[in-house]
Amino acid sequence: MANLNINIGKLHLKNPVLTASGTFGYGLEYADFMDLSKIGGIFVKGTTLNPREGNDYPRMAETPSGMLNAVGLQNKGVDYFINYIYPDIKDIETNMMVNASGSTIEDYVACAEKINTLEKIPAIELNISCPNVKQGGMAFGTNCNSAAEVVKAVRKVYHKTLIVKLSPNVTDITEIAKAVEAEGADAVSLINTLLGMAIDVEKRKPVLSTITGGLSGPSVKPIALQMVYRTAKSVQIPVIGLGGISNWKDAVEFILAGATAIQIGTYNFIDPTVSVKVVDGINEYLDRHGFTSVQEIIGNFV
Ligand SMILES: Cc1cc2nc3c(=O)[nH]c(=O)nc-3n(C[C@H](O)[C@H](O)[C@H](O)COP(=O)(O)O)c2cc1C
């Protein structure tokens with residue numbers, strides 16, 4: 001068995017396989033299907049300072065090899081999370097991490113400050129890349145200055161591992177990555193969903209209530225992979241790769257492209273046990289190729 005341990009900032013992962021925010025609930029929803037302690041960590045559902053109802057229905061649609069969503073960060077707010085969800089998830093034997101979003105910098109800061117007090121949450125992932133909310137969200141992540149500003153403000157109040165989730169809906173994602181690295185991000189994760197849309201031709205109406213939404217799933221993988229590859233070459237901090245991963249081979253591709261860890265999102269809806277299969281698959285791959293540690297293959301392709 002190869003060594004699958006990975007460190008990201010102060011965060012220690014038993015293996016590089018994580019589940020992506022918004023696709024794995026709070027973890028417990030999947031406990032009947034798999035042993036949660038087998039994966040490196042879980043990013044819980046997007047959390048905001050105040051409760052959010054999300055967008056009107058319909059807010060999901062299937063696409064060839066993927067899906068469009070416009071959930072719009074529906075959640076009950078950070079205080080509800082702290083009082084009613086955290087007590088139930090804090091003893092899950094893997095890294096439980098919060099994905100936080102906001103409409104203003106003050107929102108992000110207030111949310112991060114509260115999460116910082118939670119002993120069993122070792123990292124926060126700042127979502128500056130949600131395409132499905134009217135205010136804030138992706139707006140912060142599509143401009144170097146605003147991305148830097150939000151990270152700078154959160155860094156002052158958040159003392160554990162700070163991961164910043166980047167939007168692919170930009171001209172050059174490496175510029176945004178460099179901007180957040182300069183303000184103290186411990187890692188970047190990419191990609192969030194790609195802006196997309198669908199029209200029902202019989203009704204001559206958009207399929208999603210919001211008209212546009214976020215595309216995810218296997219169809220986005222080649223785009224995500226090149227963004228991870230270019231970003232890993234541009235920054236010194238670890239890059240967490242995601243977008244369309246559906247099996248161990250996809251995961252190994254991202255790691256070879258330079259990702260220190262990976263996340264699995266949409267594919268959890270198709271196979272709720274995919275993340276454990278990916279851990280096993282990476283292990284077998286490393287053994288088969290004579291590597292003793294996953295670290296040996298990060299960015300290691302010719
Ligand atoms: C239904 C749904 C909800 C999502 N909610 C969030 C969220 O709350 N916060 C976030 O940062 N990303 C969210 N995402 C984006 C995913 O975490 C991930 O970045 C994206 O789907 C690409 O990975 P995938 O192709 O493996 O799904 C969501 C995606 C889906 C499909």
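The values are calculated or read from the model by the stated rules, or taken from the named source; none is laboratory data. Only a predicted model underlies this, so the values are computations on that prediction, with no experimental measurement involved. Glycine also receives a Cβ, built like all others from the backbone with ideal geometry; neighbour counts cover every protein chain displayed.
Scanning the range 199-220 for residues that are within 16 Å of the ligand (Cβ to nearest atom) and hydrophobic (A, V, I, L, M, F, W, C), we see that the one that is nearest to Gly9 (Cα to Cα) is Val220. When Thr260, Thr273, Thr231 are screened for being among the polar types (S, T, N, Q), away from the ligand (no atom under 12 Å from the Cβ), crowded, with 24+ Cβ neighbours inside 10 Å and within 27 Å of Ala2 (Cα to Cα), only Thr231 passes.
The residues listed here are Ser129, Ser103, Ser167; of these, the one that is outside any helix (DSSP H, G or I), touching a strand residue (DSSP E or B) at 6+ places or on another chain (Cβ under 6 Å) and either within 15 Å of the ligand (Cβ to nearest atom) or without any contact (Cβ under 8 Å) to a residue 60 or more places away in the chain (or both) is Ser129. Evaluate the following for Gly196: is it within 13 Å of the ligand (Cβ to nearest atom) and assigned to a loop (DSSP other than H, G, I, E, B)? The answer is no for Gly196. Just one residue in the set Pro16, Pro51 is within 30 Å of Ile282 (Cα to Cα) and of a type outside the set (Val, Ile, Thr); that residue is Pro16. Output yes when any residue across the range 63-79 is away from the ligand (no atom under 15 Å from the Cβ), surrounded by fewer than 23 Cβ atoms within 10 Å (Cβ to Cβ) and part of a helix (DSSP H, G or I), and no when none is. Looking for residues that are away from the ligand (no atom under 15 Å from the Cβ), surrounded by fewer than 23 Cβ atoms within 10 Å (Cβ to Cβ) and part of a helix (DSSP H, G or I), one finds at least one in the range 63-79, hence yes.
Restricting the range 195-220 to residues that are in contact (Cβ under 8 Å) with a residue 60 or more places away in the chain and of a type in the set (A, V, I, L, M, F, W, C), which is farthest from Ser146 (Cα to Cα)?
Just the residues of the range 195-220 that are in contact (Cβ under 8 Å) with a residue 60 or more places away in the chain, to begin with: 195-198, 207-210, 212-220.
Checking the rest, the ones that are also of a type in the set (A, V, I, L, M, F, W, C) come to 195, 197-198, 207-208, 215, 220.
On the way: Leu195: 20, Met197: 26, Ala198: 30, Val207: 31, Leu208: 28, Leu215: 24, Val220: 26 Å.
For the range 195-220, the residue satisfying everything is Val207.
With the structure loaded, tell me whether Val151 is crowded, with 19+ Cβ neighbours inside 10 Å, part of a helix (DSSP H, G or I) and either in contact with a Cys (Cβ under 9 Å, 6 or more places away or on another chain) or free of Cβ contacts under 8 Å to residues at least 60 places away in the same chain (or both) or whether it fails that test. When the stated conditions are applied, Val151 passes them. Restrict the check to the range 23-39 and report whether at least one residue is touching a residue at least 24 places away in the same chain (Cβ under 8 Å), over 15 Å from Asp91 (Cα atoms), within 14 Å of the ligand (Cβ to nearest atom) and under 15 Å from the mean Cα position of the chain (by Cα). Yes: one or more hits. Between Ile223, Ile245, the distinction of being within 12 Å of the ligand (Cβ to nearest atom), touching a residue at least 12 places away in the same chain (Cβ under 8 Å), buried (at least 24 other Cβ atoms within 10 Å of the Cβ) and β-branched (Val, Ile, Thr) belongs to Ile245 only.
Could you pull out the residue among Thr104, Thr117 that is of a type in the set (Val, Ile, Thr) and modelled with pLDDT under 95?
Details: Thr117 fails: modelled with pLDDT under 95.
Among Thr104, Thr117, only Thr104 is of a type in the set (Val, Ile, Thr) and modelled with pLDDT under 95.
For the range 1-53, please list each of the strands (runs of 3 or more DSSP E) lying entirely inside it that holds at least 3 residues being at pLDDT 95 or above and crowded, with 17+ Cβ neighbours inside 10 Å.
Numbers: elements: 6-8, 11-13, 17-19, 41-43.
Counting at least 3 such residues, we get 17-19, 41-43.
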